[in-house]
Amino acid sequence: MNGKILGLGGVFFKVKDIQAYRAWWANHMGVDVKDWGSFEWPSDGHGFTMMSPFKADTDYFNPSKAEFMINLRVDNTAALIERARAGGAQIIGEIDDTDYGIFGWFIDPAGLKIELWQEKTA
């Protein structure tokens, strides 16, 4: 029996105040928090999910002290950065419009660096 990985199933991490953390994402980023407390996004048939290792001494996750960063595929990086800013998130750098897509970064209430990626459309 062969098997293959189809995509990222989830990111799991610890936070100090689960209710406040869920509420921040619901109130400021428009995330639908499921009854069991998870954030879920059904496939819309576009893009892809990936997992990518970085060198141990990378500074790409800075200023977060976490050993990981979460990348979210989005449809409007600029709008979501503004929603994060309105929610009190620390915005990291400027929105970066590259050949690979439009990127933005912020530190969420748990101190995690969140990278937003908007796929370029033709």
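Of everything listed in (1) over 23 Å from residue 17 (Cβ atoms); (2) surrounded by 11 or more Cβ atoms within 10 Å (Cβ to Cβ), the single unmet condition for residue 58 is (2).
With respect to residue 49, determine if the residue is among the β-branched types (Val, Ile, Thr) and modelled with pLDDT under 90. In short, yes.
The values are calculated or read from the model by the stated rules, or taken from the named source; none is laboratory data. Computed from a prediction, not measured in an experiment: that's the story for all the values here. Quick reminder, even Gly has a Cβ in these numbers, built from the backbone with ideal geometry, and neighbours come from all protein chains shown.
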